[in-house]
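Undergrad: This is the structure, below, for whatever I ask next.
The values are calculated or read from the model by the stated rules, or taken from the named source; none is laboratory data. Since the model is a prediction, treat every value here as computed from it, not as a measurement. Here the Cβ positions follow ideal geometry from the backbone for every residue, glycine too, while neighbour counts run over all protein chains shown.
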Amino acid sequence: MSGPSRTDRRRQRRVSPSSLAWRLLILLLYAFLLAPVIVGLVISFSSANNLAFPPPGWSLKWYAALLENVEFKEGLIFSLQLAVAAMILAVLFGVAVALAATRGRFPGREMLLNLVTLPLITPAVAIGLGLLLVVAPLGLLGSLPVLLGAHVLLTTPFVTRIVAAGISATPPDYEEAAGSLGASPAVRFRRVLLPIILPSIIASAAMSFIISMGETAITLFIIADKATLPVVMFRFVTGRTDPQLAALSVVFMGFTLVAVMVAQSTIGGLGRLAHVAGK
Amino acid sequence: MKIPRRFDFHIALSLPAIGMVVAFFVVPMLVIARVSFDHYVSGGQQLSALSLDNYGSALTDSLSAGAIGRTIYLTAVVTILTMLASYPIAYFLARLQSRWRAMLLTLTVAPLLTAEVVRIYGWIVVLGDNGLVNSALMSSGLIDTPLRLVYNETGTIIALVEILMPYAILTLFSSMITFNLSLEEAAGSLGAGRYRTFVRVTLPLSLPGVAVATLLVVVLTISSYVTPTLLGGGRVFTAAVEVYRQAMEVLNWPLAAALAVLLLLGSGIVLVIYSRLAKRLEMLTYG
């Protein structure tokens, strides 16, 4: 995508009252959107034992308390493992389905997309309850394959939707041209379509990781003694109200932020690679 | 021209995902339907039966019936507010061409990175009796006693809107960047003003994205129970909250299953309406 032309930029520089009101609206909406995160960040450095805002003083004691909390540490590690595994499987399943639904020529492609998307638009409590009713009698509550399956079920629709939209926005002309020049379906995908839809795939992978990391509603039903981080936090917030949870959330955000930055740098890196390969 | 194939290899590509959906979704849904007709004995135990008793108590029991009404009301309010708050941000982001866009997109995703419980925590601090809003209002002399903004429906609505906004914004944004900005430029160069360009070009093009985002927000609101549980302070009973309570605390699985089936039917009806709407919009836009 090319940047705005010089005349566009000149036009944007003029600030009319309506555009000022528009900017104020955007600012207010962002303030609303970010308020709990920012306040949580501030509260994590509070010296108080309650949630008074503004904090009466500052300290790092809640971060120090985190280091001794084994439950939090184990929850974080378990969540990271689960989210990475779910992301990999969701991308594999999701891209394959998106490709089948957009480029395949068999009947029922629309139904296929709907089937995969169904878990996303189904109330999470119903999925959680259903899994509980299936796995509890089998003695599989809290087992890793069940948790992983639930997370992949929930993240695959995101990958499928985002990637299918990316493929749909790409005219099939390029692939057909490559095909008429003798490229096999595999080569057409790898050399023609994949470089074009790579940003969608990376974006959907990041989305899938985020969804899995934060998933609470379904996981609460099928967890046993080994809990994911959000579940540990859910239990903690109903029991206590001190800033230790805020400190944990800052650490939690740090981990996910690193993951997002890795994904973003990969987009840049792979994007450049694809550009070179395209020549 | 396509050469007709006897077997489309694309079918094989979809098999792993189909298998996963059947094992982790279709089977559990069938089991819910079956258990909803069972007879509840005691915590976690039920007798295989074929009775409608659970549906009867779900619909007549004042707590369960009230929970269904509360869910409908809450979903309508939260969805409207979320879409109204999300569209301007998505539109703003989609039109932004500078390096600010990446940063602001990250800021939009940032709340998503934070666990729902943490944001609920943040809202308790912002809206609580000695929180940001109340201390600001009291020190400015506008009110004498703090407003009750948490542990009730007000707090639940505020937090749900904020929690669902990133989903709506990202969905709207990704639909807005797929349609070509050059269409807007074309409208502008043909003499259409900013307002006219928005109403005649941008808004119609973004309607499929709006439909999908609305669908997402409705379903997420219907099934949310973490926020109503923690921010409702035990006063906001939605159907989803009741399913969780029956399943995990009372251990009355047949009643939980019956409530879940009703919840599924409710969201199913909404989905049918929306898919028709979305299809019609697609026809209007591309047809």
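Undergrad: Report, by residue number, each residue of region B:121-147 that is assigned to a loop (DSSP other than H, G, I, E, B) and either touching a residue at least 60 places away in the same chain (Cβ under 8 Å) or crowded, with 18+ Cβ neighbours inside 10 Å (or both). Spell out the reasoning first.
TA: To start, the set of residues in region B:121-147 that are assigned to a loop (DSSP other than H, G, I, E, B) comprises B:128-131, B:140-147.
The answer is B:128, B:131.
Undergrad: Only one of A:248, A:273 is on the phi < 0 side of the Ramachandran plot, in contact with a helix residue (DSSP H, G or I) (Cβ under 7 Å, 6 or more places away or on another chain) and either at pLDDT 80 or above or surrounded by fewer than 23 Cβ atoms within 10 Å (Cβ to Cβ) (or both). Can you tell me which?
TA: Details: A:273 fails: in contact with a helix residue (DSSP H, G or I) (Cβ under 7 Å, 6 or more places away or on another chain).
On inspection, the qualifying residue turns out to be A:248.
Undergrad: A further question on this structure: Kindly indicate the residue of region B:221-239 that is in a loop (DSSP other than H, G, I, E, B) and among the small types (Gly, Ala, Ser) and also nearest to the other protein chains (Cβ to nearest Cβ) among those meeting that condition. Break it down into steps so the answer makes sense when it comes.
TA: In the first step, residues of region B:221-239 are kept if they are in a loop (DSSP other than H, G, I, E, B); the result is B:224-225, B:232-238.
Within this subset, residues satisfying the condition of being among the small types (Gly, Ala, Ser) are B:224, B:232-234.
On the way: B:224: 7, B:232: 12, B:233: 11, B:234: 11 Å.
Going through the qualifying residues, I end up with B:224.
Undergrad: Can I ask one more? Does region B:50-69 include one or more residues that are under 16 Å from residue B:262 (Cβ atoms), without any contact (Cβ under 8 Å) to a residue 12 or more places away in the chain and touching a helix residue (DSSP H, G or I) at 6+ places or on another chain (Cβ under 7 Å)?
TA: yes
Undergrad: Condition test on residue B:127, is it within 16 Å of residue B:161 (Cα to Cα), more than 8 Å from chain A (Cβ to nearest Cβ) and not small (Gly, Ala, Ser)? Talk me through it step by step, then tell me what you get.
TA: Numbers: within 16 Å of residue B:161 (Cα to Cα): yes; more than 8 Å from chain A (Cβ to nearest Cβ): yes; not small (Gly, Ala, Ser): yes.
When the stated conditions are applied, residue B:127 passes them.
Undergrad: Moving on. Suppose we filter region B:3-17 for residues that are within 27 Å of the chain's Cα centre (by Cα) and either more than 7 Å from every other protein chain (Cβ to nearest Cβ) or modelled with pLDDT of 95 or more (or both); how many remain?
TA: Qualifying residue count for the region: 0.
Undergrad: Right, here's the next one. Residue B:255 passes all but one of (1) over 30 Å from residue A:136 (Cα atoms); (2) part of a helix (DSSP H, G or I); (3) more than 10 Å from chain A (Cβ to nearest Cβ); which number fails?
TA: (1)
Undergrad: Where residues in region A:88-117 are under 25 Å from residue B:263 (Cβ atoms) and within 7 Å of another protein chain (Cβ to nearest Cβ), which of them is surrounded by the fewest Cβ atoms within 10 Å (Cβ to Cβ)?
TA: In this case the residue turns out to be A:115.
Undergrad: Could you list, in sequence order, the residues of region A:27-62 that are small (Gly, Ala, Ser), more than 8 Å from chain B (Cβ to nearest Cβ) and outside any loop (DSSP other than H, G, I, E, B)?
TA: Initial filter on region A:27-62 (small (Gly, Ala, Ser)): A:31, A:35, A:40, A:44, A:46-48, A:52, A:57, A:59.
Subset that is more than 8 Å from chain B (Cβ to nearest Cβ): A:31, A:44, A:46-48, A:57, A:59.
Scanning region A:27-62 gives A:31, A:46.
Undergrad: Let me ask another. Take the residues in region A:12-66 that are loosely packed, with under 13 Cβ neighbours inside 10 Å, aliphatic (A, V, I, L, M) and modelled with pLDDT of 85 or more; name whichever of them is nearest to residue B:93 (Cα to Cα).
TA: Only one residue tops the list, namely A:27.
Undergrad: Then there is this: Which numbered condition in (1) of a type outside the set (Gly, Ala, Ser); (2) free of Cβ contacts under 8 Å to residues at least 40 places away in the same chain; (3) crowded, with 20+ Cβ neighbours inside 10 Å is the only one that residue B:163 fails?
TA: Looking at each condition in turn, residue B:163 falls short on (2).
Undergrad: Looking for whichever is closer than 28 Å to residue B:21 by Cα, facing another protein chain (nearest Cβ under 10 Å) and not in a helix (DSSP H, G or I) here; the options are A:217, A:227. Which one fits? Don't jump to the end; show me each part of the working.
TA: Working: A:227 fails: facing another protein chain (nearest Cβ under 10 Å).
Every option except A:217 fails the conditions.
Undergrad: Where in region B:7-67 are there helices (runs of 4 or more DSSP H), lying wholly inside it, with at least 1 residues that are closer than 30 Å to residue A:102 by Cβ?
TA: Numbers: elements: B:10-21, B:27-35, B:53-60.
Of the helices (runs of 4 or more DSSP H) lying wholly inside region B:7-67, those with at least 1 residues that are closer than 30 Å to residue A:102 by Cβ span B:10-21, B:27-35.
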